[in-house]
Each structure stands twice: as C-alpha cells, then as structure tokens.
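Enquirer: I have a structure I would like to understand better, so I am pasting it below and will then ask my questions one at a time.
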Amino acid sequence: MDFADLQTFRAVVEHGGVTAAATQLHRVQSSISARLSALERDLGCALFERAGRRLQLTPEGRHLYERSAALVQDLVALRQELAGTGPGAVLCLGAMESTAAVRLAPVLAQLRRGQPGMRLLLRTGTTGALLQGLEQHALDAVLVAGPANRPALHWQPVFEEELVLIAPLPPSVDSTLASPLPPGLVTFSAGCAYREVALDWARAQGLPPGPATEIGSYHALAAAVTAGMGLGLLPRAVLSGIDTRGLQVQSLPEAWARQTTWLVTRQGPVSAALRALVQALQEGGMASAG
C-alpha cells in the first residue's frame, strides 16, 4: 500500500470529494483519481460507490478510513523522527565538561525553543572519548578541542577558547608568579586535548617532568592547584565559575593560549536536528561556523 495513495484517500473523504481534495493537496483532479484507482487495485476492493459526481464510501472504504487514522499518524511521526524533527526525534550531543559548563546553556535553550518536541541527550567527556563515540555512532555530534586531524569526520569551528596558566598563590602576598613554581602538572584525564597542550607547554618551558596528576573535573583541578599539587592550564571562561581566591592566573603565549572548539559530525547527509544545532550555536553568540 502506497502511503501517498492512503493520504490522498483520506483527504478525499475528509474534504468531501476529489475536487476539494485536489485544492487542499495542490494537485490536479486527474492525479487524485489516479491515486484512488491505484489504491483500489492494490487492495482488491472498491472504496467508493460513484453516483454521478458524488462519492460514497463502501463498507470497505469506511473500514479503511477508520483503521488508517492511527497508521497515518504513526508514519508521519516516524518520518519526523528519521528527519530529526518531531516529538520522537533524538539528538545525542557530546561536549567537553568545560564547554558544557560555560558555553552550552544559551545554545541548548535556543535549540529547545526551536525543537520543543526533540529529546536532547548531553554527554560529557574527553576529546578522545567523544570522538570515539561519534565514530561508533553512539553520538550524533561532539564539541571538542584539538587539531582537526581526522579527515573522515566533518570539522566546523564554532568558537575560540583562551587557555591560561593557574598556580597556587605564594606564601607571601608580595611574591609573584616568578617565584619558584611547584613541580609537576595537574591535568585533565588522558584523552583530553587540553592535557596535551599543558604537557607541550611544560616541555617548552623546560620544567622538570615531575609526575602529573590527572583529574577529570576542572573544579577539582583548580582545587588541586590551589592546594599546591602542581600547575594547571584551564580555559579562562571557566574561572568565573570556580573559587580562584587561592590561585594566581597568567596569560600564555598564543601558541598555547588560543584553542579552537570544533563541532564535529560524521560525513554525509545532515539531519534536521543537526541543522537546528548549528543554527542554535550561531544564534547563541558563538563565532559563525566556517
């Protein structure tokens, strides 16, 4: 049974004839009549009794009309879900913890307003873990840092972050960051792009390769640095959400400070949900995608 034929049949019943249905569906009357004939041939029964120009439902036609209402609704909903819109649509988005904390609230609010029926799932993790989830089809899109070095994926720059160096305050209020620095680093977990930046920065400074402490939360990372466990690199944007009274902050050279956050998706057709996400990212005040 052709879905378009079934929709045409229901339109003829609901609008009182072929002429009215043709007007509502923006088709010629001959097209409507052809679809009705095709549906009757497919089902092997007459759906209408024709009395001049009037059409009256046969018992079979009445039965089809009554039983097909739920079927049409289900098929329409399924099409919306597959297209990435409608109440059953799902978008599974991955993001770094810092991105989710300081960047996504206005974006997700905008997305919710544009797609009120869509189910939105947000997962946080390291860049490495998120990209793996995307490649394994566990995520629909991810917001990550790091070089765009996987050509099988589609990389779209959405905004820039500034990484800064954080260190514990020295014992004397007159001391500066030029005072002896604590050995080692406090970094995000393995797989985090910012961790690799921190390690690269430390090597460039000739700092001793003391043991690194890996922490999965930027709040916990800042607390560890405050306690004197080492130095850390964090996006400046997250500092507004943490207690910095025990920290001193220093800008970094651009080679380490400037870090692009990318919206990464799989290559291929773009769903309506992903298009809505891109629009929400742009309307949320972030840099326009390239």
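Enquirer: Could you calculate the contour length gain from Q259 to S31, that is, 0.36 nm times the residue separation minus the distance between their Cα atoms, to one decimal place in nm? Present the calculation step by step, with values, prior to reporting the outcome.
Expert: Working: separation 228, 0.36 × 228 = 82.08 nm, distance 5.76 nm.
This chain segment gains 76.3 nm when fully extended.
Enquirer: In nm, to one decimal, how far is the Q56 label point from the A227 one, both placed 7 Å along Cα→Cβ?
Expert: Calculated label separation equals 8.7 nm.
Enquirer: Any idea how far apart L122 and A237 come out in nm if each label point goes 7 Å out from Cα toward Cβ?
Expert: 1.2 nm
Enquirer: Which residues among region 1-19 fall inside the zone where the amide N is under 12 Å from a point 7 Å beyond the Cα of A38, along Cα→Cβ?
Expert: The answer is 1-9, whose backbone nitrogens lie closer than 12 Å to the label point.
Enquirer: How much area per residue is accessible in the chain when the probe is 1.4 Å and only protein heavy atoms are counted (Å²)? If you can, show how the numbers build up before the last one.
Expert: On the way: 15120 Å² over 290 residues.
With all protein chains present, the chain gives 52 Å² per residue.
Enquirer: On the protein heavy atoms, probe 1.4 angstrom, tell me the percent of accessible surface of the chain carried by carbon and sulfur. Walk me through the numbers before you get to the answer.
Expert: Working: 7950 of 15120 Å².
After summing per-atom areas, the C and S share lands at 53 percent.
Enquirer: For the chain, what does the helix formula give at 222 nm: sum of -39500 (n - 2.57) over DSSP H segments with n ≥ 4, over the residue count, nearest 500 deg cm²/dmol?
Expert: Mean residue ellipticity at 222 nm (helix-derived): -13000 deg cm²/dmol.
Enquirer: Pick from Q267, Q156, Q205: which residue has the top mean-square fluctuation in a GNM of the chain where Cα pairs under 10 Å get a spring?
Expert: Taking springs between Cα atoms under 10 Å, the residue moving most is Q205.
Enquirer: OK, next. Once you have the Cα-Cα distance between T23 and Q248, take 0.36 nm times their residue separation minus that, and quote the gain in nm to one decimal. Provide the component values of the computation, followed by the final result.
Expert: Numbers: separation 225, 0.36 × 225 = 81.00 nm, distance 7.13 nm.
Once the chain is fully extended between T23 and Q248, it gains 73.9 nm.
Enquirer: What is the set of long-range amide H partners of L247 at a cut-off below 5 Å, with H atoms built 1.01 Å from backbone N?
Expert: Amide H neighbours of L247, under 5 Å, 5+ apart: L169.
Enquirer: Also, quick follow-up: Using unit Cβ charges (K, R positive; D, E negative) and no other charged atoms, how large, in debye to the nearest 20, is the dipole of the chain about its Cα centre? It would help to have the intermediate numbers written out before the result.
Expert: Working: 23 positive and 23 negative charges, 163 e Å.
That gives the chain a dipole magnitude of about 780 debye.
Enquirer: Let me ask something else. What is the P(r) of the chain, as percent of Cα-Cα pairs per 5 Å bin from 0?
Expert: Per 5 Å bin, starting at zero, the Cα-Cα P(r) for the chain comes out as 1, 5, 10, 12, 12, 9, 8, 7, 6, 6, 5, 4, 4, 4, 3, 3, 2, 1, 0, 0, 0 percent.
Enquirer: Now a separate question. Work out from phi, with θ = phi - 60° and the Karplus expression 6.51 cos²θ - 1.76 cosθ + 1.60, the ³J(HN,Hα) of each residue of region 7-15, listed in order in whole Hz, and give x for Gly and Pro.
Expert: Values, residue by residue: 4, 5, 4, 5, 5, 4, 5, 6, 9 Hz.
Enquirer: Further question: Would you please give the residues with an amide H less than 5 Å from that of V164, counting only those at least 5 places away or on a separate chain, with H modeled from the backbone geometry?
Expert: When sequence neighbours closer than 5 places are left aside, the close amide H contacts are L234, R236.
Enquirer: May I pose another question? Mind giving me the nanometre distance, one decimal, between the label points for R203 and A105, set 7 Å out from Cα along Cα→Cβ?
Expert: Taking the two extended label points, one gets 3.8 nm.
Enquirer: Projected onto the charge dipole of the chain (+1 at Lys/Arg Cβ, -1 at Asp/Glu Cβ, origin at the Cα centre), which of S37, L131, Q279 gives the Cα projection farthest towards the positive end?
Expert: S37
Enquirer: Next question. Tell me which residues come under 5 Å, amide H to amide H, from A95 once H is placed; ignore anything under 5 positions away on its chain.
Expert: R123, T124, G125, L143
Enquirer: Can you tell me the FRET efficiency between V90 and D2 if r is taken as the Cβ-Cβ distance and R0 is 35 Å, rounded to the nearest 0.05?
Expert: 0.80
The values are calculated or read from the model by the stated rules, or taken from the named source; none is laboratory data. Being a predicted model, the structure only gives us computed values, none of them experimental. Quick reminder, even Gly has a Cβ in these numbers, built from the backbone with ideal geometry, and neighbours come from all protein chains shown. Side chains included, ligands, DNA and RNA excluded: accessible areas come from the protein's heavy atoms. Shrake-Rupley method; radii C 1.70, N 1.55, O 1.52, S 1.80 Å.
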